[in-house]
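First up is the structure itself, then whatever we jot down about it.
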Amino acid sequence: MTGKEAGGGRGRILGWLALVFVAVGLYFALIHAPPDANQGDVQRIMYIHIPSILTAYLSFFIVFVGSCLYLWKRERRDDILAKSAAEIGVLFTALTIIEGSIWGKPTWGVWWTWDARLTLTAILLMIFVGYLMLRSLIEDEERAAVSGAIVGIIGFLDIPLIHMSVYWWRTLHQPPSILRPDKAPWDNVHPAMLIALAINFVAFLLLYFYLLSLRIRVGDTEDRIRREALAGAA
Amino acid sequence: MGKWGFVLLAYGIVWSAILAYLFHLKSRIRKAEAKLTQVKSKGSGVKHAS
């Protein structure tokens, strides 16, 4: 994807579509969905908490794929994709931890606890903050890309651990309420809650791809500046 | 803080952060494209001079 394609007509359509879904998602999450039987209204944080972490997982999966492709083919566009996805993944992981903390206070009585899932999510955030720092510290673009790709691939391996942590350890964080192996989602969760969650998930996905297209445009333009400067110096 | 207070705090932080990041990206695009135009014009100036 070139910068112009990403930021052109399709990019704008994606942006407007995301805005519509965000507005509809807010209505469904804050007004239409009923309060939870046990937690009351505070459970409404779930409608942004689950989409945030799933978007972060998707972002780090894109880092993983982009990094593997870069190490294999050494094409700049794969590195730009991985670096762009890492930056947005960090944003969504940080937001997930903040939302979880705000949800944890009225539900568990604490803002933070060293629970397995929370700790592994914090480690994921640290790995990818480290990824961005490492990249900014290495001046040589190719060396930065190779080092970043290695960290990106290793960092992604934390995600299966986060997912399985609620099964492997006795933790405070509850196991999945919706994707349970023993019950269909609609047997366990009110349909209005499922609809609100689905709409918010689509809103986050659209927003994510819009942000990614803009971030790729930044990376692509910066890359062209470097190439122009090198050509001018030669 | 009441339960709605926690909900509004979470939604407020999330949407403010996403909006701030969106505006930050738009500003980075504007700056990068201006710099690219500048670098290109310098490059063409060098070519004409030689």
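The values are calculated or read from the model by the stated rules, or taken from the named source; none is laboratory data. For clarity, every value in this text was computed on a predicted model and none was experimentally measured. Because the Cβ atoms are built from the backbone with ideal geometry, glycine has one as well, and the counts that use them run over all protein chains shown.
Data for the structure
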quantity: Residue that is farthest from A:Met46 (Cα to Cα) [pool: residues in region A:65-114 that are surrounded by 20 or more Cβ atoms within 10 Å (Cβ to Cβ) and more than 14 Å from every other protein chain (Cβ to nearest Cβ)]; calculated: A:Tyr70
quantity: So A:Ala18, is it closer than 17 Å to A:Gly130 by Cα and assigned to a helix (DSSP H, G or I); calculated: no
quantity: Condition met for B:Val7 (in contact with an Asp or Glu (Cβ under 7 Å, 6 or more places away or on another chain), closer than 16 Å to A:Leu211 by Cα, in a helix (DSSP H, G or I) and modelled with pLDDT of 90 or more); calculated: no
quantity: Selection count, region A:21-40, where residues are farther than 14 Å from A:Ala196 by Cα and either at pLDDT 95 or above or among the aliphatic types (A, V, I, L, M) (or both); calculated: 1
quantity: Of residues in region A:27-52 being among the small types (Gly, Ala, Ser) and surrounded by fewer than 20 Cβ atoms within 10 Å (Cβ to Cβ), the one farthest from the other protein chains (Cβ to nearest Cβ); calculated: A:Ala37
quantity: Qualifying positions in region B:1-30 - of a type in the set (Lys, Arg), within 21 Å of A:Arg227 (Cα to Cα) and at the interface with chain A (Cβ under 9 Å from one of its Cβ atoms); calculated: B:Arg28
quantity: Yes/no for A:Thr121 being touching a helix residue (DSSP H, G or I) at 6+ places or on another chain (Cβ under 8 Å), away from chain B (no Cβ under 14 Å), under 18 Å from B:Val14 (Cβ atoms) and of a type in the set (Ser, Thr, Tyr); calculated: yes
quantity: Every residue from region A:61-108 that is charged (D, E, K, R) and touching a Leu at 6+ places or on another chain (Cβ under 6 Å); calculated: A:Asp78
quantity: A:Glu228, sole failed condition from (1) touching a Pro at 6+ places or on another chain (Cβ under 8 Å); (2) surrounded by 13 or more Cβ atoms within 10 Å (Cβ to Cβ); calculated: (1)
quantity: Residue check for A:Thr55: within 12 Å of chain B (Cβ to nearest Cβ), in a helix (DSSP H, G or I), in contact (Cβ under 8 Å) with a residue 60 or more places away in the chain and crowded, with 17+ Cβ neighbours inside 10 Å; calculated: yes
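Here is a yes/no grid of residues against (1) touching a helix residue (DSSP H, G or I) at 6+ places or on another chain (Cβ under 8 Å); (2) of a type in the set (Lys, Arg); (3) away from chain B (no Cβ under 13 Å); (4) surrounded by fewer than 16 Cβ atoms within 10 Å (Cβ to Cβ):
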position: A:Ala184; (1), (2), (3), (4): no, no, yes, yes
position: A:His190; (1), (2), (3), (4): no, no, yes, yes
position: A:Leu206; (1), (2), (3), (4): yes, no, no, no
position: A:Tyr210; (1), (2), (3), (4): yes, no, no, no
position: A:Arg217; (1), (2), (3), (4): yes, yes, no, no
position: A:Thr221; (1), (2), (3), (4): yes, no, no, no
